[in-house]
Amino acid sequence: MAEDKPSVTYLGPKASYTHQATLDKFSESQYTLTPCITIEDVFCSVQSSSSHRGVVPFENSTNGSVVFTLDLFADLHGKYPDILVCGEAYIKVQHCLLGYQDPNPYSPSSAQREKTPHTSGASSPLGISIHTQNHHPVHVALPLLDSPLSSGAVTPTPLNPLPLKPSARPVGDLRGIRKLYSHPQAWGQCKAFLNTYLKGVERQDVSSTSRAAELVTMDPSGESAAISSGIAAKVFGLKVLARGVEERGDNCTRFFVIRKREERPQPPSTPSSGSLGKAEESNYKSLISFTIPPSSDAPGALAHSLAVFSKYGLNLTSINTRPSGVQNWNYIFFVEIRGRRERDGKGSVNMALEDLGRVCRGWRWLGSWEGGTGMGGG
């Protein structure tokens, strides 16, 4: 009997961007890939050891950090004390508008929806004149389609002198759409398109962009649409109503691979695989969280905490905050640095963490990993 393959969980369902990131890191021939409904489900599966690894979205190049993931790393209730980051993946994100709408705005169904009374001699806002064999002109009315690009949606105003113009145009009439589904991160990546073509349409947050596509399949009326991927369109049998609706062509999302901390500490690194040189160390990244006392109790505590990394020549590449849960306006700080924590207790990261413990209220190492290559950055 063949041995069971290790399980890897990810934010699903299939065809999600997280699924694509998972396929980028784990071969289906060697691992069992299992979709989860929420990011917390992925954390829970790894913490409980029911899965070998998990893959979760962490940040988008256009819309910033995924707060759901940050909150789970903050772990205010101590549910996930053993979760560590052990890898990363970058996926180029091209969002599409998916639905059941007829992509031909002049189809009979569309014309019927836009049918208006027309009397002889009256002019139609949009139409053509056909001359019959008796030389009598017959006016044929075409459905009246708005032009969002000239309707004021992208007109400069004193408050917005340089409004963004969408880089994509729909391939059909979108006026029948009454509800949009997507992951909260996607709205911020597609503002220009949504504000131009679907302004005022109800938006509903869902757990992932592929889940959004799945929900649209349950509404064949054509009144629902999703911001999702082209792969999701194929998987769920939906039409692509607009392609590339994101603001930036270099739109990219970074995903973390998470694991559970080993129950037994690993032996110290041998000299040959111990502390790295500066060039090698810069290929690695580490994620650290820390809290500080209220500013009234310890003026300069944040500055002192950040200074320890500079002291040891560690490059700080990002900083995020989430509420600490201790009191209002007190935060957990997340910093990402170049370098890795060594098992033998030596190295610049280890020394920086030792110093950090002297100036902050508390800190937690959330993993070190070899950095991937992202679009437009390391």
Go through the range 216-238 and give me each residue that's of a type in the set (A, V, I, L, M, F, W, C) and buried (at least 16 other Cβ atoms within 10 Å of the Cβ).
-> VAL216, ALA225, ALA226, ILE227, ILE231, ALA232, ALA233, VAL235, PHE236, LEU238
Inside the range 339-361, can you point out the residues that are surrounded by fewer than 19 Cβ atoms within 10 Å (Cβ to Cβ) and among the aliphatic types (A, V, I, L, M)?
-> MET351
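This table checks each residue for (1) of a type in the set (A, V, I, L, M); (2) open to solvent by 70 Å² or more (accessible area, probe 1.4 Å).
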position	(1), (2)
ASN283	no, yes
GLY300	no, no
HIS304	no, yes
THR321	no, no
ASN330	no, no
PHE333	no, no
ILE337	yes, no
Is there any pair with a first residue in the range 191-207 that is without any contact (Cβ under 8 Å) to a residue 60 or more places away in the chain and a second that is hydroxyl-bearing (Ser, Thr, Tyr) whose Cβ atoms are under 7 Å apart and which are 6 or more apart or on different chains, and what are they?
-> GLN204/TYR181; VAL206/TYR181; VAL206/SER182
Qualifying position, being farther than 30 Å from SER305 by Cβ and modelled with pLDDT of 90 or more, among SER221, SER289, SER210 | SER210
For the range 303-328, name all the residues that are within 17 Å of LEU70 (Cβ to Cβ) and either among the basic types (Lys, Arg) or assigned to a loop (DSSP other than H, G, I, E, B) (or both).
-> ARG322, SER324, GLY325, VAL326
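Out of the helices (runs of 4 or more DSSP H) lying entirely within the range 32-151, which hold 3 or more residues that are modelled with pLDDT of 85 or more, open to solvent by 30 Å² or more (accessible area, probe 1.4 Å) and at negative phi?
39-47, 67-74
The values are calculated or read from the model by the stated rules, or taken from the named source; none is laboratory data. Keep in mind the model is a prediction, meaning the values are calculated, not measured. Note that each Cβ is placed from the backbone with ideal geometry, even for glycine, and that neighbours are counted across all protein chains shown. The area values use the complete protein model at the heavy-atom level, side chains included, leaving out ligands, DNA and RNA. Shrake-Rupley method; radii C 1.70, N 1.55, O 1.52, S 1.80 Å.
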